[in-house]
1. Calculated FRET efficiency, D268 and S167, Cβ-Cβ r, R0 45 Å, to nearest 0.05?
2. Before rounding to the nearest 500, sum -39500 (n - 2.57) across all DSSP H runs of length at least 4 in the chain and divide by the residue total; then give [θ] at 222 nm in deg cm²/dmol.
3. At a 1.4 Å probe radius, carbon and sulfur cover how many percent of the accessible area of the chain?
4. Take peptides 169-179, 250-260 and line them up by average Cβ neighbours within 10 Å, highest first, as a rough protection proxy.
5. Which value, in Å², gives the accessible area per residue of the range 228-358 when a 1.4 Å probe is used on the protein heavy atoms?
6. Do you know the relative contact order of the chain, to the nearest whole percent, from alpha carbon pairs under 8 angstrom that are 6+ apart?
7. Does anyone have the angle between helix 309-319 and the longest principal axis of the chain? Alpha-carbon axes, 0 to 90°, nearest 10?
8. Among 88-95, 67-74, how do they line up from the highest to the lowest mean number of other beta-carbon atoms within 10 Å?
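The values are calculated or read from the model by the stated rules, or taken from the named source; none is laboratory data. Model, not experiment: these values are computed from the prediction. Here the Cβ positions follow ideal geometry from the backbone for every residue, glycine too, while neighbour counts run over all protein chains shown. Surface areas here come from the heavy atoms of the whole protein model, side chains and all, with no ligands, DNA or RNA. Shrake-Rupley method; radii C 1.70, N 1.55, O 1.52, S 1.80 Å.
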Amino acid sequence: MLKKTAVGAVAASLVLAGGLAACSSSTSSGSSSMPTVTLMVGGIDKQIYLPYELAQQLGYYKKYGVNMVLSTEVNGGIGAEDAMAAGQVDMAGAWYIHTIDFQVKGKAVEDIVNLSGAPGEREMCATGSGIKSAAQWAGKNLGVTDLGSGTDELTQLLASKSGLSTSQYSRIGVNDGATAIAALKSGKVACLMTTQPTVLQIEQQGLGYSAIDLATASGATAAIGGTWPSAGVLARSDWVSANPKAAQDVVDALVATMHWIATHSAADIASELPQSYTQSNGFTKAEYITALTQDKAQFMPDGIMPAGGPETVMATEKAIGVNTSSVKLSATFTNTFALAANKLEGYPTTTTPEPANG
């Protein structure tokens with residue numbers, strides 16, 4: 001999950017984030033009590049990650065008591081989740097699956113609020129290829145955001161479920177946006193996994209079609225076998241323990257944002273986002289809205305980890321050969337902050353109790 005736009009603004013944000021990382025959760029320059037938190041997103045202008053910036057534009061971070069400094073991954077740079085794990089930023093806007101990957105490596109990272117119940121991805125296959133399922137991938141080159149990314153793991157999962165081993169196809173990092181489109185157009189890849197609004201542009205140019213839907217909860221359930229939680233806020237467990245109020249403030253802001261998303265149209269959402277997000281890579285705002293309308297159902301309104309979701313993601317890891325024998329799923333996420341946030345706003349929630357941690 002890489003790459004992003006608004007380069008000038010993003011670069012400035014990255015510099016600012018780097019300068020503030022060391023003083024996270026400390027007093028911000030404009031307040032004697034408001035903590036500063038730094039959060040890097042795995043592609044801040046991707047539609048699957050829009051809640052982080054939307055919360056900023058709605059003024060919710062400050063409303064709930066935190067000065068949020070957002071930054072984004074850049075092509076060829078350190079991933080958001082790795083920057084968080086290394087202590088360069090406090091939090092990462094990234095996929096839940098990374099919490100399991102980190103635990104396998106002996107690092108304690110947890111998802112403190114879940115934003116989507118599906119990866120938000122679609123497998124786009126070249127027009128004329130005739131590919132309708134992963135079973136037809138043998139001998140093909142498949143595009144992923146980057147090797148080792150969530151799209152890479154999902155691609156391997158889909159292939160595995162169709163009986164293909166990794167030696168029967170090739171995975172190539174194509175990032176997203178223009179570079180991904182170019183890879184499909186040139187024939188470098190037969191299919192690629194990507195998100196909106198790249199999906200819409202591929203369709204509008206007649207370059208490809210959606211062969212596998214992982215953009216909605218229903219699509220993910222059909223393709224993978226269950227709800228597949230993806231975008232969330234990841235943080236090191238020691239940071240969360242040391243900064244519970246700052247963590248709660250961030251979750252309060254994002255849960256309020258998710259409820260706002262659930263009660264507003266794609267056009268309303270687009271109107272609150274910067275122009276650089278809704279009119280980038282050759283897209284018009286109208287096209288952005290069309291794309292968001294198509295896949296808006298991926299967003300979870302209450303920030304609660306969906307029941308069974310962690311187990312489905314764990315099954316993904318097992319299917320691609322990750323040794324998860326040491327993983328305790330209960331330590332990879334918490335609903336505590338999201339439940340408190342919903343209670344604060346008066347929203348009802350239904351969730352199964354968290355398993356005992358241990």
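1. In this case the efficiency is close to 0.40.
2. Rounded to the nearest 500, it is -11500 deg cm²/dmol.
3. Roughly 53 percent, rounded to a whole number.
4. Top of the packing list down: 250-260, 169-179.
5. Ligands and nucleic acids excluded, the figure is 42 Å² per residue.
6. In percent, rounded to a whole number, it is 24.
7. 50
8. 88-95, 67-74
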